[in-house]
Amino acid sequence: MAKIILHDGKHTTDFPPIQKRLAGIGITLNTWPAPMGEPAQTLLAQKALNDAQKEQLLGFVQDRFETLKREQGYVTRDLIVIHEDIPGLADMLAKFESIHYHTDDEVRYILAGRGYFGFVEPDGGQFMLEVGAGDYINIPANTEHWFTMKDSKRIKAVRYFIDTSGWTPVYTERELLFA
């Protein structure tokens, strides 16, 4: 369930106002049910997945990919599985904890776990969005943001791409207001 968290600690989980605030900076947020069958739930509950298991889990949401290919031109996708036992996890995540943007859309469909995207508004204000299972987010190219796991230990998310080369972060010098 999505939750907006403001710099002063106030937050909301009321979905229509969250969608409206995000739409104001060009971001799309939708809710799609995560796969529910027993085989999918077994994979979603596992900490780590091998490549065959990742492909099996992606198969359960193939219909979403087909729709995105048809409607928005995405050409490839993968499944990222983050958990606390990944060697070098802190260094990997640190790359995304500074304010940056990408030259391609950043699109995620969260299947399990949670994470936090932070956004910079046109007036320079900042807020965070907690995303969890069932949340689909499309952050347009060149949108200033950051990503953190905070206290979360795990996330499984489908990443959709038009051009994977556009996913390299371009860091800005903007100060992050969230600790």
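The values are calculated or read from the model by the stated rules, or taken from the named source; none is laboratory data. Keep in mind it's a predicted model, so treat the numbers as computed, not measured. Reconstructed Cβ throughout: ideal geometry from the backbone, glycine too, with neighbour counts over all protein chains shown. We work out accessible area using only protein heavy atoms, side chains counted, and drop any ligands, DNA or RNA first. Shrake-Rupley method; radii C 1.70, N 1.55, O 1.52, S 1.80 Å.
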Fill in: Yes/no for residue 31 being touching a residue at least 60 places away in the same chain (Cβ under 8 Å) and loosely packed, with under 13 Cβ neighbours inside 10 Å
no
Please determine whether any residue of segment 38-45 is in contact with a Leu (Cβ under 6 Å, 6 or more places away or on another chain) and either assigned to a loop (DSSP other than H, G, I, E, B) or open to solvent by 40 Å² or more (accessible area, probe 1.4 Å) (or both).
no
The residue that is farthest from the chain's Cα centre (by Cα), considering only those in segment 148-179 that are at pLDDT below 85 and open to solvent by less than 40 Å² (accessible area, probe 1.4 Å), is 178
Every listed condition ((1) open to solvent by less than 40 Å² (accessible area, probe 1.4 Å); (2) more than 13 Å from the chain's Cα centre (by Cα)) holds for residue 84 save (1)
Over segment 87-102, the set of residues surrounded by 14 or more Cβ atoms within 10 Å (Cβ to Cβ) and closer than 14 Å to residue 115 by Cβ is 89, 93, 96, 97
When every residue in segment 25-54 that is modelled with pLDDT of 95 or more and among the small types (Gly, Ala, Ser) is compared, the one farthest from the chain's Cα centre (by Cα) is 52
Residue 138 passes all but one of the listed conditions (1) over 17 Å from residue 24 (Cβ atoms); (2) within 10 Å of the chain's Cα centre (by Cα); the exception is number (1)
Scanning segment 50-81 for residues that are outside any loop (DSSP other than H, G, I, E, B), open to solvent by less than 40 Å² (accessible area, probe 1.4 Å) and touching a helix residue (DSSP H, G or I) at 6+ places or on another chain (Cβ under 9 Å), the one nearest to residue 159 (Cα to Cα) turns out to be 79
Checked segment 73-91 for anything within 30 Å of residue 127 (Cβ to Cβ) and out of contact with any strand residue (DSSP E or B) (no Cβ under 8 Å at 6 or more places or on another chain); matches are 73, 83, 84, 86, 88, 90, 91
